[in-house]
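One structure is given here, and the rest of the page talks about it.
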């Protein structure tokens, strides 16, 4: 998935903001909580939040690992974006978004739902 495709998909989700952190990280957030982080290049690694089941499944792939500096077994880093097809990227990014949303206060979740 190219950076522009990833960016467009993330921003198509309700209430998502794009933030640049640490000078070279493109972060997609929901209520200031990151659900996807990548670099600006199409070759940049990308990290997303995952369920335990998806963690097990994804880390079987040699180019997908536990994301450094993130909660153990809850985030993966995809070193080569070609490791997943565009359809898979969209599925896992949406799941990451949903996992982050589910941890937000109910009031915030309701506000997000009302923006749809």
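Readers should treat all values here as calculations from the given coordinates under stated rules, not as data from a laboratory. Here the structure is a predicted model, which means the values were calculated and not measured. Please note: Cβ atoms are built from the backbone with ideal geometry, for glycine as well, and neighbour counts cover all protein chains shown.
At-a-glance table
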quantity	calculated
Extension reserve of the residue 56-residue 41 stretch, reckoned as 0.36 nm per residue once the Cα distance is removed	2.7 nm
Degrees between helix 86-102 axis and first principal axis of the chain (Cα, 0 to 90, nearest 10)	40 degrees
Along principal axes, Cα extents of segment 3-114, largest first, whole Å	40, 29, 27
The chain, relative contact order [Cα under 8 Å, separation at least 6], %	25 percent
Zero-based 5 Å bins, Cα pair distances in segment 41-99, whole percents	4, 21, 32, 30, 10, 2
0 to 90° range, to nearest 10: angle between helix 3-12 axis and the chain longest Cα axis	20 degrees
Within segment 84-116: backbone nitrogen closer than 17 Å to the residue 74 label point (7 Å, Cα to C-beta)	95-106
